[in-house]
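J.: My questions will all concern the structure given below.
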Amino acid sequence: MLGDSEHLEALTRQSQQTTAQLSSKTTDAKSAEDTLTAAEAAYFSATATTAEQLIATDTLSNRSVQVPLIHLIDQARNPSMSLSRDGAFLGSIVDAEAQVRASQATNQAHQNDPAWSVRREIEAYARSLSNGIALEFVWAPEVSGLGSGWLSGTAQTFDTDGGYAIISLNYSVEDAWTDGLNETDDHALVAHEVGHTQIYRCAKLFNDPAFAGNQETWATAWSISQGFDVEGSGIQAYGRPTDAQIALAAQCR
């Protein structure tokens with residue numbers, strides 16, 4: 001019986017030693033996992049910072065091109081996304097950064113090209129009215145089915161990702177900008193399109209019952225409030241807003 005007891009004690013000690021060893025290895029494995037997780041988080045945080053710096057530097061790149069990279073930056077910094085931060089994810093960031101650089105290069109080339117000087121002047125004018133809303137521009141022979149001989153534009157607005165808008169203008173807007181004949185209406189039309197971009201920034205005014213959610217009435221009133229009480233402000237297409245509506249839109253500054 002004594003021999004059996006000693007044997008059981010030896011087995012117990014061996015079991016305790018094995019348990020201690022397993023516990024130690026578990027602790028080591030957990031420590032290694034924590035170290036790896038911290039290193040991975042630090043790597044993607046640094047990647048996100050680099051991407052943010054690119055956006056801050058490439059100020060001529062279009063906002064719509066920056067947005068996908070901004071979303072990837074958020075994912076890179078989100079701990080809950082750690083399992084999806086793999087090689088494919090990193091490749092997506094690299095591709096998105098390339099798109100930002102390409103947009104920057106294209107817009108820089110246009111800015112440096114004398115042939116685009118009038119368009120750049122129009123775009124700068126629109127931005128001077130936009131109260132900080134990021135704008136990008138599309139130029140086309142026709143916009144809304146209207147081409148040569150007609151002034152036409154549209155504005156596609158987004159209230160996400162800091163807010164931005166894409167303004168499309170036809171070539172006639174460029175032609176009339178300084179023609180001495182239609183340039184006032186031309187400026188009014190550009191102001192009208194910028195007015196569309198203000199609906200989120202001045203949401204309380206836009207949502208006033210006076211406008212009943214009518215974007216064209218709002219944009220026309222806003223253009224008139226900028227000093228363009230002419231047909232090109234939207235009056236020809238949508239009618240003249242009331243003086244009360246114009247006064248209300250004028251508060252959006």
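J.: Quick one: in segment 240-253, which of the residues that are part of a loop (DSSP other than H, G, I, E, B) and open to solvent by 30 Å² or more (accessible area, probe 1.4 Å) is farthest from residue 207 (Cα to Cα)?
T.: 240
J.: Something else now. As an exercise: evaluate residue 100 against (1) among the β-branched types (Val, Ile, Thr); (2) farther than 30 Å from residue 187 by Cβ; (3) free of Cβ contacts under 8 Å to residues at least 12 places away in the same chain and give the number of the one condition it does not meet.
T.: Only one criterion is unmet by residue 100, namely (3).
J.: Assuming residue 181 fulfils every condition listed in (1) surrounded by fewer than 24 Cβ atoms within 10 Å (Cβ to Cβ); (2) of a type in the set (A, V, I, L, M, F, W, C); (3) modelled with pLDDT of 95 or more apart from one, which condition is it?
T.: Looking at each condition in turn, residue 181 falls short on (3).
J.: Still on this structure, please answer the following. Run down 12, 106, 57, 49 and say which single residue is surrounded by 10 or more Cβ atoms within 10 Å (Cβ to Cβ), at pLDDT below 90 and out of contact with any Phe, Trp or Tyr (no Cβ under 9 Å at 6 or more places or on another chain).
T.: The conditions single out 12.
J.: Between 187, 192, which is of a type outside the set (Lys, Arg) and open to solvent by less than 30 Å² (accessible area, probe 1.4 Å)?
T.: Exactly one of 187, 192 is of a type outside the set (Lys, Arg) and open to solvent by less than 30 Å² (accessible area, probe 1.4 Å), namely 192.
J.: For residue 231, state whether it is farther than 22 Å from residue 124 by Cα and over 30 Å from the mean Cα position of the chain (by Cα).
T.: yes
J.: Quick check on my filter: what residues within segment 197-216 are over 12 Å from residue 251 (Cβ atoms), touching a residue at least 12 places away in the same chain (Cβ under 8 Å) and polar (S, T, N, Q)?
T.: Answer for segment 197-216, where residues must be over 12 Å from residue 251 (Cβ atoms), touching a residue at least 12 places away in the same chain (Cβ under 8 Å) and polar (S, T, N, Q): 197, 215.
J.: Just checking, does segment 82-95 include any residue being buried (at least 19 other Cβ atoms within 10 Å of the Cβ) and either in contact with a Ser or Thr (Cβ under 7 Å, 6 or more places away or on another chain) or part of a helix (DSSP H, G or I) (or both)?
T.: Yes: one or more hits.
The values are calculated or read from the model by the stated rules, or taken from the named source; none is laboratory data. Note that the coordinates shown come from a computational prediction; the quantities given were computed from them, not determined experimentally. Cβ atoms come from the backbone with ideal geometry, glycine included; neighbour counts cover every protein chain shown. To get the accessible areas, we keep the full protein, side chains included, count just its heavy atoms, and leave off ligands, DNA and RNA. Shrake-Rupley method; radii C 1.70, N 1.55, O 1.52, S 1.80 Å.
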